[in-house]
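The values are calculated or read from the model by the stated rules, or taken from the named source; none is laboratory data. Predicted, not measured: the structure shown is a model, and the values here were computed from it. As a convention, Cβ positions derive from the backbone with ideal geometry for all residues, glycine included, and neighbour counts pool all protein chains shown.
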There are 2 protein chains.
Amino acid sequence: MAFLDRIRALNNHRPGEFVPWFVGGRRVGRLRPELAALLLRNRNAFVACDAGVALDPALADFASRSAALAEAVAALVVEGRVSHVQGESYPVTAGGREEALCVLDRAAAAQFGIRAFGQHLDGYVRREDGLHLWIGRRSADRLHWPGRLDNLVAGGLPHGITLADNLVKECAEEAGMPADLARSARPASVVTYAQVAAQGFKPDVLYCYDLELPADFVPRCTDGEVEAFHLLPVGEVARRVADTEEFKPNCNLVVLDFLVRHGVVGPDHPEYLDIVSGLHPALDPPM
Amino acid sequence: MAFLDRIRALNNHRPGEFVPWFVGGRRVGRLRPELAALLLRNRNAFVACDAGVALDPALADFASRSAALAEAVAALVVEGRVSHVQGESYPVTAGGREEALCVLDRAAAAQFGIRAFGQHLDGYVRREDGLHLWIGRRSADRLHWPGRLDNLVAGGLPHGITLADNLVKECAEEAGMPADLARSARPASVVTYAQVAAQGFKPDVLYCYDLELPADFVPRCTDGEVEAFHLLPVGEVARRVADTEEFKPNCNLVVLDFLVRHGVVGPDHPEYLDIVSGLHPALDPPM
């Protein structure tokens, strides 16, 4: 049951737990009830609506909506409800990232329960003794998930940058990879989940890329996020996903999707059907 | 919208359209209301239960349940409600195909709305001028979908045969492929859908395999099911899925899954998220 446990851990929402919030009539996120009440009480930019909370409809364009959210986040930082302002803008959208209605600081994404987009890359090597995956171990000083195992490259997708450019940037920063090599990565899947976390709600979308690496490529972290890289046999990677909690939780799902696509976890696995559908739930779970 | 149209065409059920039926307390299929009423009226083996129709609980083992269903199917053939007896046993299961509670003739699978399992193989060639897929055209005399395009190999999975053995058998019959080559196919995905069809309900499970073929391999149909094979550039295959209805409907989904896994349809596609989740819905849709 271990593979399914990894999926269930990131799909742990229960109906009624959150209050939906809206921008321009579209639902863009979900708030804990206490945060919804606080925003209605203390921030002029939020108003009650039939289905939950709405950003004031008078804020009718991208810039004014984004400014109102930035002001709200700044106040939440002062109150200790958001840890910091990260200075990285995430799209606020009811659909894809290209359809942003405004932006919100990344550090407040879960508190506002907005859909967060990211890119994860599985870097692998075909050797005579079988398929191997490059796996990183996160630095001990990381704010989130220090010391856990990670995909070779993984990063959030800020507003306004293309998928191709962000991937090249992340590949350079996290694995010291030349741009030409990064550009040869192949989009292969998208993994989605809807997680209740300490900070709030995380309905995340992770675009997954495969990159077959030359035998002499050795990743090198240039931004301090990764402590070390290891080239592990795919069976050993599968074992760590199934039997341990060494991986950062959402990286388990990206690895599992790789294992399915490469036939390491196949239709003889008793939970194959639930694993494959569990990696790709429809984006708006009933709440 | 065309890719999504292909998915929606095979996920066209509406709540309340069918009556669930049960074996040993487990829901195994769905019946049109008129067939449910007929079975209750004319066949001693079926009884009404709170949630729908049940095979008589007195039939407590695999053999007696299967015999009762065979008798019911024979009567339905006489009445013209099932076209023929095919002589191929499909598992009747509430879960995977290994958990069969009894068997039912393949020709009556949709009338009884049981989960039907199949294997589809995408055979491809990497050429200097890009990825090419071997595509078959179904013979004009086929009962189902004559003249439509098909995956290189595709077949139903009867009860009791292993996935590996059935795939080797289908690869030999449908594409004249040596067993060694067939065994090198890699399981890569599973596509599911829940379709309302003329005969009834089809909640199907298609295991998808990838097989990279040598440049000199030419498929040859040995069982008359395929009229001709064509090696088409992957972009042309994508175009036919998107813009035409040339493919047998469920083959569209298998090709689409291949296009996603090989990066031909990637995250820049505006419907990417809906395509990927739409290929892998959870198996029991709300009815």
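Just the residues that are at the interface with another protein chain (Cβ under 9 Å from one of its Cβ atoms) and either over 10 Å from the mean Cα position of the chain (by Cα) or on the phi > 0 side of the Ramachandran plot (or both), please, taken from segment A:181-195.
A:ALA185, A:ARG186, A:PRO187, A:ALA188, A:SER189, A:VAL190
If you take just the helices (runs of 4 or more DSSP H) that sit entirely in segment A:206-287, which of them hold at least 3 residues that are of a type outside the set (Gly, Ala, Ser) and within 14 Å of chain B (Cβ to nearest Cβ)?
Numbers: elements: A:234-243, A:249-261, A:272-278.
Result: A:249-261, A:272-278.
Here are B:ARG97, B:ARG106: which of them is within 14 Å of chain A (Cβ to nearest Cβ) and under 19 Å from B:ARG27 (Cα atoms)? Full working, then the answer.
Working: B:ARG106 fails: within 14 Å of chain A (Cβ to nearest Cβ).
After applying the criteria, what remains is B:ARG97.
So, A:ILE161, is that one surrounded by fewer than 17 Cβ atoms within 10 Å (Cβ to Cβ) and closer than 30 Å to A:PHE46 by Cα or not?
Values: surrounded by fewer than 17 Cβ atoms within 10 Å (Cβ to Cβ): yes; closer than 30 Å to A:PHE46 by Cα: yes.
For A:ILE161, the condition - surrounded by fewer than 17 Cβ atoms within 10 Å (Cβ to Cβ) and closer than 30 Å to A:PHE46 by Cα - is met.
Hey, can you tell me all the residues within segment B:86-111 that are crowded, with 20+ Cβ neighbours inside 10 Å and assigned to a strand (DSSP E or B)?
Residues satisfying the conditions are B:TYR90, B:PRO91, B:VAL92, B:CYS102, B:VAL103, B:LEU104, B:ASP105.
Can you tell me which residues in segment A:38-64 are surrounded by fewer than 15 Cβ atoms within 10 Å (Cβ to Cβ), charged (D, E, K, R) and over 18 Å from A:ARG27 (Cβ atoms)?
Across segment A:38-64, the qualifying residues are A:ARG41, A:ASP61.
Could you tell me whether A:LEU69 is closer than 13 Å to A:GLY200 by Cα, among the hydrophobic types (A, V, I, L, M, F, W, C), in a helix (DSSP H, G or I) and touching a helix residue (DSSP H, G or I) at 6+ places or on another chain (Cβ under 9 Å)?
Working: closer than 13 Å to A:GLY200 by Cα: no; among the hydrophobic types (A, V, I, L, M, F, W, C): yes; in a helix (DSSP H, G or I): yes; touching a helix residue (DSSP H, G or I) at 6+ places or on another chain (Cβ under 9 Å): yes.
Against the criterion (closer than 13 Å to A:GLY200 by Cα, among the hydrophobic types (A, V, I, L, M, F, W, C), in a helix (DSSP H, G or I) and touching a helix residue (DSSP H, G or I) at 6+ places or on another chain (Cβ under 9 Å)), A:LEU69 does not qualify.
Which of (1) under 30 Å from B:GLU245 (Cα atoms); (2) more than 21 Å from the chain's Cα centre (by Cα); (3) buried (at least 21 other Cβ atoms within 10 Å of the Cβ) is the odd one out, the single condition B:ALA72 does not satisfy?
Of everything listed in (1) under 30 Å from B:GLU245 (Cα atoms); (2) more than 21 Å from the chain's Cα centre (by Cα); (3) buried (at least 21 other Cβ atoms within 10 Å of the Cβ), B:ALA72 misses just condition (1).
Keeping to segment A:171-229, report how many residues are surrounded by fewer than 21 Cβ atoms within 10 Å (Cβ to Cβ), in contact with a His (Cβ under 8 Å, 6 or more places away or on another chain) and within 22 Å of A:ILE275 (Cα to Cα).
2
Which pairs turn up if I take residues in segment B:159-185 that are more than 18 Å from B:GLU99 (Cα to Cα) and look for partners that are of a type in the set (Lys, Arg) and modelled with pLDDT under 95 with beta carbon separation below 8 Å, at least 6 apart in sequence or on another chain?
Taking only residues 6 or more apart or on different chains, the pairs are B:ALA175/B:ARG220; B:GLY176/B:ARG220.
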